[in-house]
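Below you'll find the structure, written out as structure tokens, and then a few comments.
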Amino acid sequence: MKDMNEGYLTADGRQIGGVVMELKDITLRFGGLTAIEKISFDIRDGEIRAIIGPNGAGKSSMLNVISGFYVPSDGEVWFKGVRRGPMKPYEIARLGIARTFQNIALFDGMSVLDNIMTGRLTHMKKGLIAQAGWWFTGAAREEYENREKVERIIDFLEIQNIRKTPVGRLPYGLKKRVELARALAAEPKILLLDEPMAGMNVEEKEDMCRFVLDLNDEFGTTIVLIEHDMGVVMDLSDRVVVMDYGKKIGDGAPDEVRNNQAVVDAYLGVAHD
Amino acid sequence: MFYREAGDFKSSYQEDSQTFPIKFDRLRYYGVLIVAFGIVPLFINDYWASAVAVPFLIYAIAAIGLNILVGYAGLVSLGTGGFMAVGAYSVYKLMTAFPDISIFVHVILAGVVTAAVGVLFGLPSLRIKGFYLAVATLAAQFFLVWLFNKVPWFYNYSASGQITAPERTVFSVFVTGAQTSATAKYMFCLVILTLVALVARNLTRGTVGRKWMAIRDMDIAAEIIGVNPLTTKLSAFAVSSFFIGIAGALFFSVYLGAAEVGEAFGIQKSFLILFMVIIGGLGSIFGSFAGAAFLVLLPVFLKNVLVGALGWPTDLAAHIELMIVGGLIVVFLIAEPHGLAQLWRVAKEKLRLWPFPY
């Protein structure tokens, strides 16, 4: 099913579209250390794609390559049929790639609402002079239009009651949710989630899973996620890439991956004789 | 008791995002405006204008400017005095070169010139942060003061090396020069301060302000979200210097009348305004007003108490005054590191429930 360019049908009957992003022979070196070695895979429109692997396998580095934060030493990244050269992170944001971080990277001094509104920055065009005029230049109108979109996301993630709270005062689980809201506010083509469930209890994980599935369903967002909780990964994702020591050792539907000998070896260890 | 949110429902995003969402706050704000524009000008005399009102208004403009840079964008600057000097000398050159154009236009243009200079000295901020940036802006301070001292073109080759503001009028009322009335000085500065405060508020509540704060709180995340650090930092320097330049122009033309750069715009000015911003509250427009009021009023108040009420000799009082102001600043920063604005916020939260704490 990997070779079908028109997409495929998932187990639960959703239609997955064509390739949005294709990574070809990506290699990433830091000095003498090779973090990623010749990895290729693709991300298709509307799917939930997971990257898994043991600690130090290079998952986060891979995500940073996708988000453009790292420029690969070798290999090509194709996004929407165009080869992506080295770009500044803020230019990548304008292409429609948003992400959350493993250790939350919110703006602590700002309210929840302001944090989520920063996600709309790439959609707000009014410049400095127009902002100064506010009531007369349409800056106010632009603000309220974007506020409406942000409110829809606030509703969706059920964080209405903390709208005006400074982010610094929130507990961990809610911060994670606000960060997801901020990434979502950008209306990204691809949403990258770096360990969205890390450090959460079962209920918070269940909530988060529901949000991930719902937003994929409702907004049709393509999601790439890294996660350690195997139960979550197998339940959520449509296709899984497995990495170990910077190499790809498996790629496919959760069931295929689960029965792949190389993957089992990497996770459970193998007797060397 | 005083602050009730209950029953004050908002039915549009416009209502929800106004500056003073609580009705009592809004009424008080209009009250302050009415007093400032309608009542104070009727009673103000030369002493109150030159000792309290005019310096407060001008320092408030400078403090708003510096607060945008330090409080909102998180870029420390010690070059405020130098940038005020740029504003002062630009308005002087403009006033003498184009005597027919309104002083109002000159003051704004002086701000624009200062903004350009500010952007130039803001370039190092793209590479360095924190203390190192502070030192880089300190270089701006010393360089600018030196420049205005050494190049006679800036002070029109006057023998004393001073610049003296020519007489100018707005609506045929003198606002600069010896014939200016206290009311005219006060009103001119008040109008400009009001405009500055409105613009600052508009900038900080919208996209631009959010970009500044994002860079301040976490620059890497900001960049990944789509904030261009180059333009954002430079825009903070530009806007901040614009306001500081306006403050410098007013300080020279309306308040001092004649100025010598090292004396009027030395390093002490930079520190004074930085103190105002820190004591008032970083990242708060109200804090800029509060900090300016605190540092302008406190010495006047102490002087009146020590010399006027207690009858101490003037020189002793002057020294004691410095020590008390310094001591109070230290006490203040220990007791409330987030400044007067935070104190005000806490007071309001308490008043919201008063007299029943639950």
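No lab work stands behind these numbers, since they all come straight from the coordinates. All figures in this text were calculated on a predicted structure; none of them were measured in a lab. Note that each Cβ is placed from the backbone with ideal geometry, even for glycine, and that neighbours are counted across all protein chains shown.
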Item checked: Subset of segment A:125-144 that is more than 7 Å from every other protein chain (Cβ to nearest Cβ) and of a type in the set (Phe, Trp, Tyr) - its residue that is nearest to residue B:212 (Cα to Cα) -> A:135
Checklist line | Which numbered condition residue B:155 fails, given (1) under 30 Å from residue A:129 (Cβ atoms); (2) in contact (Cβ under 8 Å) with a residue 60 or more places away in the chain | finding: (1)
Margin query: Among the numbered criteria (1) at the interface with chain A (Cβ under 9 Å from one of its Cβ atoms); (2) surrounded by fewer than 24 Cβ atoms within 10 Å (Cβ to Cβ); (3) in contact with a helix residue (DSSP H, G or I) (Cβ under 9 Å, 6 or more places away or on another chain), which one does residue B:208 miss?
Written below: (2)
Next item on the list: Test residue B:241 against the stated conditions and say whether it is within 20 Å of residue B:119 (Cα to Cα) and either polar (S, T, N, Q) or surrounded by 24 or more Cβ atoms within 10 Å (Cβ to Cβ) (or both).
Entry: yes
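Residue by residue through segment A:198-250, note down the ones that are charged (D, E, K, R) and buried (at least 17 other Cβ atoms within 10 Å of the Cβ). Full working, then the answer.
Residues of segment A:198-250 charged (D, E, K, R): A:203-207, A:210, A:214, A:217-218, A:227, A:229, A:235, A:238-239, A:244, A:247-248.
Correct list: A:204, A:205, A:207, A:227, A:229, A:238, A:239, A:244, A:247, A:248.
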Next item on the list: Kindly provide the set of residues from segment A:146-167 that are more than 12 Å from every other protein chain (Cβ to nearest Cβ), more than 21 Å from the chain's Cα centre (by Cα) and surrounded by fewer than 16 Cβ atoms within 10 Å (Cβ to Cβ), ordered by number.
Entry: A:160, A:161, A:165
Checklist line | 3 or more residues within 14 Å of another protein chain (Cβ to nearest Cβ): qualifying helices (runs of 4 or more DSSP H) within segment B:222-280 | finding: B:229-250
Item checked: Residue list for segment A:82-125, filter: in a loop (DSSP other than H, G, I, E, B), free of Cβ contacts under 8 Å to residues at least 60 places away in the same chain and surrounded by fewer than 22 Cβ atoms within 10 Å (Cβ to Cβ) -> A:84, A:85, A:86, A:87, A:88, A:103, A:109, A:124, A:125
Checklist line | Single unsatisfied condition, residue B:195 versus (1) within 13 Å of chain A (Cβ to nearest Cβ); (2) over 30 Å from residue A:96 (Cα atoms); (3) touching a helix residue (DSSP H, G or I) at 6+ places or on another chain (Cβ under 7 Å); (4) of a type outside the set (Val, Ile, Thr) | finding: (3)
Notebook entry, point to check: Of all strands (runs of 3 or more DSSP E) completely enclosed by segment A:1-65, which ones contain at least 3 residues that are surrounded by fewer than 22 Cβ atoms within 10 Å (Cβ to Cβ)?
Noted result: A:19-30, A:33-44
